[in-house]
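> Following this message is one structure expressed as structure tokens.
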Amino acid sequence: LHVETQLGEGVVVPVDGNPAHYLIAVMRVKPDDIVLLFDGRSGEWAARARDIRKRDLVLECVAQTKGPETVPDFWLCCAPIKKGRIDLIAEKACELGVAKLQPVLTRRAVVDKLNLDRLHAHLVEAAEQCGRTALPELAAMVKLDALLRDWPSDRCLFFADETGGTPLTEAFAAHPGAAAFLIGPEGGFDPTEREAIRAHPQAVPVSLGPRILRAETAAIAATAAWMTINGD
Ligand code: SAH
């Protein structure tokens with residue numbers, strides 16, 4: 001729900017965006033009920049429900065309950081994997097405090113396009129559930145060679161390499177500061193991709209142990225580990 005309002009003003013919530021329908025028909029909001037609103041970037045407001053009608057209702061913002069939040073400077077870069085699994089990565093990335101989700105197209109990816117609207121909806125739902133008010137940035141998909149070419153020189157690119165690398169927490173401890181984690185698709189990176197990534201000055205190959213993890217397992221495990229060491 002995109003809310004641009006000052007405290008005390010009434011905000012008419014239209015049904016077409018379906019928040020009003022959800023509030024009236026699903027949550028059965030009644031006059032004077034308090035609803036929490038957030039716009040995904042600048043905070044959270046408590047609003048009192050007023051003038052509830054069939055097709056819309058007025059929410060009067062009565063207090064700002066959370067200010068803009070900052071999350072740890074961690075990006076998750078992952079190849080597009082099957083629908084339900086990339087949705088899981090988006091949801092867990094939001095809960096765990098990831099700042100930016102960067103889809104990366106690699107040669108062996110079985111999926112070569114992503115529905116960013118669907119992923120955004122999962123981010124919003126996860127934010128509502130976990131109480132996050134600033135959504136992760138969801139970037140458009142880029143090809144791996146472009147990602148490497150334009151990579152910022154001040155950010156470490158930890159690269160999940162199932163063929164071997166520095167143990168995860170040792171690598172994280174050795175490279176504090178702005179970070180990103182790159183994970184391959186179900187089929188992994190191909191040898192030339194692996195070589196290109198390893199050749200990058202900011203890339204640090206890391207191992208998540210002796211077993212082959214699913215991409216979503218690697219994403220969640222690595223993000224949780226990094227947040228434990230560097231997080232909020
Ligand atoms: N090609 C692999 C499967 C890829 S797993 C195979 O079948 O042998 C999907 C991605 O998860 C990999 O590209 C890698 O980025 C990450 N990954 C999985 N297990 C890992 C491990 N033990 N260490 C580091 N990264 C791992």
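The values are calculated or read from the model by the stated rules, or taken from the named source; none is laboratory data. Note that the coordinates shown come from a computational prediction; the quantities given were computed from them, not determined experimentally. Ideal geometry is used to build each Cβ from the backbone, glycine not excepted, and the neighbour counts take in all protein chains shown. The accessibility values were calculated without ligands, DNA or RNA, using every heavy atom of the protein model including side chains. Shrake-Rupley method; radii C 1.70, N 1.55, O 1.52, S 1.80 Å.
> What accessible area, in Å² to the nearest ten, does a 1.4 Å probe give for residue 141?
It works out to around 50 Å².
> Another question, then. Which ³J(HN,Hα) values in Hz, rounded to whole numbers, follow from the phi angles of segment 128-142 under the Karplus curve 6.51 cos²θ - 1.76 cosθ + 1.60, where θ = phi - 60° and Gly and Pro get x?
4, 5, 9, x, 7, 9, 9, 6, x, 6, 10, 8, 5, 5, 10
> Right, next: Please list, in chain and number order, the residues 5+ apart from residue 33 or on another chain whose amide H is under 5 Å from its amide H, with Hs placed from the backbone.
Excluding prolines and chain starts, which carry no amide H, the hits are 49.
> Provide the per residue accessible area, probe 1.4 Å, for the chain, rounded to a whole number of square angstrom.
Working: 11770 Å² over 232 residues.
Per-residue accessible area for the chain comes out at 51 Å².
> Taking 0.36 nm per intervening residue step and subtracting the Cα-Cα distance, what contour gain separates residue 25 from residue 125 on full extension? Mind dumping the intermediate values first?
Details: separation 100, 0.36 × 100 = 36.00 nm, distance 1.85 nm.
The residue 25-residue 125 span can extend by a further 34.2 nm.
> Let me ask something else. Mind checking the dipole of the chain: about its Cα centre, +1 per Lys or Arg Cβ, -1 per Asp or Glu Cβ, Debye to the nearest 20?
Values: 26 positive and 32 negative charges, 111 e Å.
So the magnitude is around 540 debye.
> On to the next question. Size of the dipole of segment 46-156 about the Cα centre, Lys and Arg at +1 and Asp and Glu at -1 on the beta carbon, nothing else charged, in debye to 20?
Values: 19 positive and 16 negative charges, 88 e Å.
Computed charge dipole of segment 46-156: roughly 420 debye.
> Once R0 is set to 22 Å, what does the formula 1/(1 + (r/R0)^6) return for the Cβ-Cβ distance between residue 118 and residue 143, expressed as a FRET efficiency to the nearest 0.05?
Details: r = 21 Å, r/R0 = 0.97.
With a Förster radius of 22 Å, E is 0.55.
> Can I ask one more? Just need the relative contact order of the chain here, percent rounded to a whole number, with Cα pairs under 8 Å and 6+ apart.
Values: 446 pairs, mean separation 45.1, N = 232.
Once normalised by length, the contact order is 19 percent.
> OK, next. Order 223, 169, most accessible first, counting only protein heavy atoms with a 1.4 angstrom probe.
Working: 223 0, 169 80 Å².
Most to least solvent-accessible, the answer reads 169, 223.
> Which ³J(HN,Hα) values in Hz, rounded to whole numbers, follow from the phi angles of segment 87-93 under the Karplus curve 6.51 cos²θ - 1.76 cosθ + 1.60, where θ = phi - 60° and Gly and Pro get x?
Values, residue by residue: 5, 5, 4, 4, 4, 6, 4 Hz.
> Okay, next question. Let me check against my output: what whole-number percent is the relative contact order of segment 107-201, with C-alpha pairs under 8 Å and at least 6 apart? Show your work: numbers first, answer last.
On the way: 56 pairs, mean separation 37.3, N = 95.
This gives 39 percent for segment 107-201.
> Amide H neighbours of residue 105 under 5 Å, counting only residues 5+ apart in sequence or on other chains, H built in-plane at 1.01 Å?
142, 143, 144
> Then there's this: Can you sort 30, 92, 83, 54 by 1.4 Å-probe accessible area, starting with the largest?
Working: 30 105, 92 55, 83 130, 54 180 Å².
Ranking 30, 92, 83, 54 by accessible area, largest first, yields 54, 83, 30, 92.
> Excluding ligands and nucleic acids, what accessible area in Å² is computed for residue 70 using a 1.4 Å probe, to the nearest 10?
About 120 Å², ignoring ligands and nucleic acids.
> Hey, another quick one. Would you mind checking which residues have amide H under 5 Å from residue 159's amide H? H placed 1.01 Å from N; only 5 or more apart, or other chain.
Under 5 Å from the amide H of residue 159: 182, 204, 206.
> Now a separate question. Provide the solvent-accessible area of residue 130, counting protein heavy atoms only and rolling a 1.4 Å probe, rounded to the nearest 10 Å².
Accessible area of residue 130: about 50 Å².
> Tell me, what ³J(HN,Hα) does each residue in segment 203-215 have, in order and in whole Hz, if you take phi through Karplus 6.51 cos²θ - 1.76 cosθ + 1.60 with θ = phi - 60° and put x for Gly and Pro?
Per-residue couplings from phi come out as 7, 10, x, 10, 10, 10, x, x, 9, 8, 8, 5, 4 Hz.
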